[in-house]
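I have placed the structure first, in the form of structure tokens, so that the comments after it can refer back to it.
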Amino acid sequence: MAYSLGIDIGSVTSKGVIVDGNEIVAHTVIPSGMNYREAANRLRDDLREKSRISFEDIRSIASTGQGADRVEFSQKKIDNIRCCARGIRSVFESVKTVIDVQGQLSQVIRINEHGRVSGFVVSEKCAAGSGRFLQIIANILRVDLNDIGELSLRAQNPVTFTTGCAVFSESEAISRVSEGFSKEDILAGVHRSIANKISVLVDRIGMEQEVAITGGGGLDIGLIAAIEEKVGITLKVPDNPQIITALGAAIMAAEV
């Protein structure tokens, strides 16, 4: 067996994947916390327990993401854009565009016919276009983050957010609660707001079918529906969208 390991240390969650070739052997997702080095070590221990594989049997290890430099046992660091593209193409060979919705940012990646990145665009440094915005609103509404997608699909009159800033949108959401708007309508409005920002990124980079969504945003069926409606596409959603970049890192660890 030629096992390889990919570690993706993000600002909100950290992901690890062990592969044998292109086949996933074990994977895990944990909160990153404040200490990225500690998060990497916890991922390693969790994967060891899940896979029952000795780390001496793992031939190559690559790290990516915001905390890639903190993975002390990594043999190489690979850019997260390339890892995301490689990971999604291992799942969906026909994908040409990837919408990656992370905790602190969103990005759209174009992939050419050879599976290589041909272009990408990243959102501005504002939580309003990322998963962090959803966390903020979920806290305000006191709903579980895992429930917001389904709740938003029940909306009857989605709220329109008039600002593109997460700080002001937070205040706006609080105002909407006090005005009596339902949680469903507020959440649907948030999803539409994020979808609008992602649509701008798609327009900037240019979209080519087929299109997939990755990152934590791929777990939110309400956000998926909002993006599909705004951009006019049907998104391909991997079974575990959060681990796609780590998967790409694991595959590339053995290739680079």
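The values are calculated or read from the model by the stated rules, or taken from the named source; none is laboratory data. Predicted model only: the values in this text are computed from it and were never measured. All Cβ positions, glycine included, derive from the backbone under ideal geometry; neighbour counts span all protein chains shown.
So the values come out like this:
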| read-out | value |
| --- | --- |
| Residue count for the range 100-122, restricted to those that are over 19 Å from E210 (Cβ atoms) and not in a strand (DSSP E or B) | 4 |
| Selected residue (criterion: modelled with the lowest pLDDT) from residues of the range 47-74 that are farther than 17 Å from S4 by Cβ and surrounded by fewer than 18 Cβ atoms within 10 Å (Cβ to Cβ) | E49 |
| The range 146-194, subset of a type in the set (S, T, N, Q) and assigned to a loop (DSSP other than H, G, I, E, B), residue modelled with the lowest pLDDT | T163 |
| Pair list, Cβ under 9 Å, 6 or more apart: the range 94-120 residue free of Cβ contacts under 8 Å to residues at least 40 places away in the same chain and over 18 Å from I198 (Cα atoms), other residue among the basic types (K, R) and part of a strand (DSSP E or B) | V117/R110; S118/R110 |
| Subset of the range 182-199 that is within 10 Å of V159 (Cβ to Cβ) and among the β-branched types (V, I, T) - its residue that is farthest from the chain's Cα centre (by Cα) | I186 |
| Residue in the range 53-60 that is of a type in the set (A, V, I, L, M, F, W, C) and in the same structural domain as G222 (by TED's automatic domain parsing) present | no |
| Condition met for G206 (more than 25 Å from K15 (Cα to Cα) and either surrounded by fewer than 21 Cβ atoms within 10 Å (Cβ to Cβ) or β-branched (V, I, T) (or both)) | yes |
| Out of I186, I224, sole residue that is buried (at least 22 other Cβ atoms within 10 Å of the Cβ) and within 17 Å of Q107 (Cα to Cα) | I224 |
| Condition broken by I198, with the remaining ones in (1) buried (at least 24 other Cβ atoms within 10 Å of the Cβ); (2) modelled with pLDDT under 95; (3) not in a helix (DSSP H, G or I) satisfied | (3) |
| Failed item, numbered, when S90 is tested on (1) at pLDDT 95 or above; (2) among the small types (G, A, S); (3) assigned to a helix (DSSP H, G or I); (4) over 18 Å from P238 (Cβ atoms) | (4) |
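Yes/no matrix, rows are residues, columns are (1) of a type in the set (A, V, I, L, M, F, W, C); (2) over 19 Å from G217 (Cβ atoms); (3) touching a helix residue (DSSP H, G or I) at 6+ places or on another chain (Cβ under 8 Å):
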site	(1), (2), (3)
V19	yes, yes, yes
N22	no, yes, yes
D45	no, yes, no
R70	no, yes, yes
F73	yes, yes, yes
C83	yes, no, yes
